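Visitor: I am attaching a structure below and will ask some questions about it afterwards.
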Number of protein chains: 2
Amino acid sequence: MPSNIRIALDAMGGDHGPSTVIPGAEIALERHPDTEFILFGDRATVEPLLERQPRLKAKAKLVHTEVSIRMDDKPSQALRYGRWKSSMWLTLDAVKKGEADVAVSAGNTGALMAMARFNLKMIEGIERPALAGLWPTIKGESIVLDLGASIGADTGHLVNLTAMGSAMARVLFDIERPTVGLLNIGVEEVKGLEEVRQAGQILREGHFPHFKYIGFVEGDDIGKGTADVIVTEGFAGNIALKTAEGTARQFAQYLRGAMTRTWRAKLGYLLARGAFQTLREKMDPRKSNGAVFLGLNGIVIKSHGGADPEGFASAVDIGYDMVRYELLAKIGESLSRDLRETNARAAAGAAS
Amino acid sequence: MPSNIRIALDAMGGDHGPSTVIPGAEIALERHPDTEFILFGDRATVEPLLERQPRLKAKAKLVHTEVSIRMDDKPSQALRYGRWKSSMWLTLDAVKKGEADVAVSAGNTGALMAMARFNLKMIEGIERPALAGLWPTIKGESIVLDLGASIGADTGHLVNLTAMGSAMARVLFDIERPTVGLLNIGVEEVKGLEEVRQAGQILREGHFPHFKYIGFVEGDDIGKGTADVIVTEGFAGNIALKTAEGTARQFAQYLRGAMTRTWRAKLGYLLARGAFQTLREKMDPRKSNGAVFLGLNGIVIKSHGGADPEGFASAVDIGYDMVRYELLAKIGESLSRDLRETNARAAAGAAS
């Protein structure tokens, strides 16, 4: 492991580009001084911002490029005009060339996924990438995947998601054998869940050294923290994530409304301000910003496009942890002989 | 329309059976005095409870049966021992025979769906049932379907869900032309969404007199109230619902924790008690209890199995509204020539 963690940043990514990325990197550097950065972006925009952060400037190299990926372009468009030369591509390419240990971008998700796949390639044995995120729960945090990197999942992919997600949990939560639940719905004997049921059977019957399968879980188990890792296919996972975000915002809005309606409520709010502050921090989506693309030959972190510097710093932190605690090696372990056998069994089951 | 709404109740359904159903019916009767009930259940258990509610007793007929469906049986098991004679079957059968206008049960969802389908049959043109629920939003309420009656949906079924959901919105919200959004995820050019995209195209290009299609929506749009009706297939819909419930409970628990940690917070809570009460009512899942099975030749309401009397009464209220405002006739209208043509187009598109 290198003594410094080398982080490549797409300085132009996200809704606010370098005006978020540069101060975000500064916050992350304060927390992890054993970090150095390579920034890819437009010199004219990035350099003045960097001048204001002398500590970051001393630990960062700026590589100029004029091309940046727009937030609403389709992946195919982005690849056409952005391959080889955009800030996003070059950020990923730094990982590919071994010049950086991790790539972080707040840019267009679809484009980032397409470029990462194209440039870094998939790990042997994994066909499709996954997007894994941290979900705040009553007990702490869980990892949920796939959050939308691919739609639909066959049995083998669900088993692979389990291996990748549990490897990430070992890295982030420092648990030797994380628990894993497979997201399902409560209605029995409904058609169409063959993949989920088949994956459940494989996970139940296998003996996996790197995780402990606890069975099917439902949507409300995620927030309860029933399992360290929740596995689902990307369509349902993305909808679960966005729905939870929407519900949290809805609750916060109700609460604001309720606390300003009468003078008694306003006074109560003033008295309990500290408690509300704690609550706000607990529900702060910025703290759990930063999803990890799994299955690639390299570590790629996606920050929310609308993140502020604090949120972007959280995404950089996750990247730091992934490198420091050797995510890729741990995924490799989980995908070792044990799981290859399982995949073969899954393939045989699907074929029969 | 009958002068009285005739409601058949599965008195044995739910986690608490008649001890919830009977007082729940009493609450519903207070709100809608133009109601009469047929109760199906075990006389020895139900009658003493009914004696305590003289007003309800005067408006209710009790039909004795010793067979009731267990909450955790599979639908096939339930059909085996419960067909023709269980309280659940007889409740549905009262609708089938025209003795009641609506059936309400808090029993086993899978069994209720199987029996309803078997006994009442599907509306012509609809192949699969749907479960539609009321979702509290910032703006008021929206209808979300399918919440898990069936898994996976082809283009035609998504279009049918739109017709059924918008008919329900016309009945419940009294809007001439409700808005409809199709639930999707934000990642572009990801494979596997052909049905959703195809349904989107049909809904965009068609001119539907009974609803207004507003395009794709994401998970966080549900709570914002972006559309009156949100359409999705059952797996994602069920996971969205359960995840939102889990998040709301999580937030409530954080809030309780925060407001009891210090004496200032406790005092603030006391002062703002009225505001917290309003908030609690706003987030109260009991108020939106009662999902509607759509697509059947008859109106069937599913109450949450764990509902208390107040929650069960909400489910009865929904059944009342569905009859009073002629849901079945309105679904029929929406499924008229206009939509049949669309279904044919969808079928042609899927076949090509």
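Visitor: For region A:96-117, does any single residue satisfy the condition of being in contact with a Pro (Cβ under 7 Å, 6 or more places away or on another chain), among the basic types (Lys, Arg) and in a helix (DSSP H, G or I)?
Guide: Scanning region A:96-117, I find at least one residue that is in contact with a Pro (Cβ under 7 Å, 6 or more places away or on another chain), among the basic types (Lys, Arg) and in a helix (DSSP H, G or I), so the answer is yes.
Visitor: Go through region B:257-297 and count every residue that is buried (at least 22 other Cβ atoms within 10 Å of the Cβ) and not aliphatic (A, V, I, L, M).
Guide: Going through region B:257-297 one residue at a time, the tally reaches 5.
Visitor: From the list B:Gly148, B:Gly98, B:Gly82, which residue is on the phi > 0 side of the Ramachandran plot and either of a type in the set (Asp, Glu) or more than 16 Å from the chain's Cα centre (by Cα) (or both)?
Guide: B:Gly98
Visitor: Moving to a separate point now. If the requirement is being modelled with pLDDT of 90 or more and assigned to a loop (DSSP other than H, G, I, E, B), which of these qualifies: B:Ala163, B:Ala227, B:Ala167, B:Ala199?
Guide: Result of the check over B:Ala163, B:Ala227, B:Ala167, B:Ala199: B:Ala227.
Visitor: Now a separate question. Given the conditions (1) more than 7 Å from every other protein chain (Cβ to nearest Cβ); (2) aliphatic (A, V, I, L, M); (3) closer than 30 Å to B:Gly107 by Cβ; (4) crowded, with 23+ Cβ neighbours inside 10 Å, and given that A:Ile214 satisfies all but one, which numbered condition is not satisfied?
Guide: Among (1) more than 7 Å from every other protein chain (Cβ to nearest Cβ); (2) aliphatic (A, V, I, L, M); (3) closer than 30 Å to B:Gly107 by Cβ; (4) crowded, with 23+ Cβ neighbours inside 10 Å, the lone unmet condition for A:Ile214 is (4).
Visitor: Please note which helices (runs of 4 or more DSSP H) are completely contained in region B:231-338 and include at least 2 residues that are at pLDDT 95 or above and more than 10 Å from every other protein chain (Cβ to nearest Cβ).
Guide: Passing ranges, in order: B:309-324.
Visitor: Only one of (1) more than 14 Å from chain B (Cβ to nearest Cβ); (2) crowded, with 20+ Cβ neighbours inside 10 Å; (3) part of a loop (DSSP other than H, G, I, E, B) fails for A:Gly125. Which number is that?
Guide: Tallying (1) more than 14 Å from chain B (Cβ to nearest Cβ); (2) crowded, with 20+ Cβ neighbours inside 10 Å; (3) part of a loop (DSSP other than H, G, I, E, B), A:Gly125 fails exactly one: (2).
Visitor: Can you go through A:Ala163, A:Ala130 and tell me which one is touching a residue at least 12 places away in the same chain (Cβ under 8 Å), within 14 Å of chain B (Cβ to nearest Cβ) and either crowded, with 23+ Cβ neighbours inside 10 Å or under 28 Å from A:Asp284 (Cα atoms) (or both)?
Guide: It is A:Ala130.
Visitor: Here are some residues: A:Glu218, A:Glu195, A:Glu281. Which one is in contact with a Gly (Cβ under 7 Å, 6 or more places away or on another chain) and either more than 30 Å from A:Trp89 (Cα to Cα) or in the same structural domain as A:Thr109 (by TED's automatic domain parsing) (or both)?
Guide: Step by step, each of A:Glu218, A:Glu195, A:Glu281 is checked, and only A:Glu218 is in contact with a Gly (Cβ under 7 Å, 6 or more places away or on another chain) and either more than 30 Å from A:Trp89 (Cα to Cα) or in the same structural domain as A:Thr109 (by TED's automatic domain parsing) (or both).
Visitor: Then there is this: Given the structure, is B:Ala94 more than 13 Å from chain A (Cβ to nearest Cβ) and touching a helix residue (DSSP H, G or I) at 6+ places or on another chain (Cβ under 8 Å)?
Guide: Spelling it out, it is not the case that B:Ala94 is more than 13 Å from chain A (Cβ to nearest Cβ) and touching a helix residue (DSSP H, G or I) at 6+ places or on another chain (Cβ under 8 Å).
Visitor: Also, I was wondering about something else. Name the residue that is modelled with the highest pLDDT, counting only residues in region A:181-196 that are within 7 Å of chain B (Cβ to nearest Cβ) and over 17 Å from B:Ala153 (Cα atoms).
Guide: A:Leu183
Visitor: Taking only pairs six or more apart or across chains, which ones have beta-carbon atoms under 6 Å, a first residue in region A:324-342 that is of a type in the set (D, E, K, R), and a second residue that is modelled with pLDDT of 65 or more?
Guide: A:Lys330/A:Ala167; A:Lys330/A:Arg170; A:Lys330/A:Val171
Visitor: I've got another one for you. Report the residue count in region B:1-41 for those that are charged (D, E, K, R) and either under 17 Å from B:Ala100 (Cβ atoms) or in contact with a His (Cβ under 7 Å, 6 or more places away or on another chain) (or both).
Guide: 4
Visitor: Given the conditions (1) in contact with a helix residue (DSSP H, G or I) (Cβ under 8 Å, 6 or more places away or on another chain); (2) aliphatic (A, V, I, L, M); (3) under 30 Å from B:Gly181 (Cβ atoms), report the number of the one that A:Ala199 does not fulfil.
Guide: Of (1) in contact with a helix residue (DSSP H, G or I) (Cβ under 8 Å, 6 or more places away or on another chain); (2) aliphatic (A, V, I, L, M); (3) under 30 Å from B:Gly181 (Cβ atoms), only one is false for A:Ala199: (3).
The values are calculated or read from the model by the stated rules, or taken from the named source; none is laboratory data. Everything numeric in this text was worked out from a predicted model, so none of it was measured. No Cβ is skipped: glycine too gets one built from the backbone with ideal geometry, and neighbour counts run over all protein chains shown.
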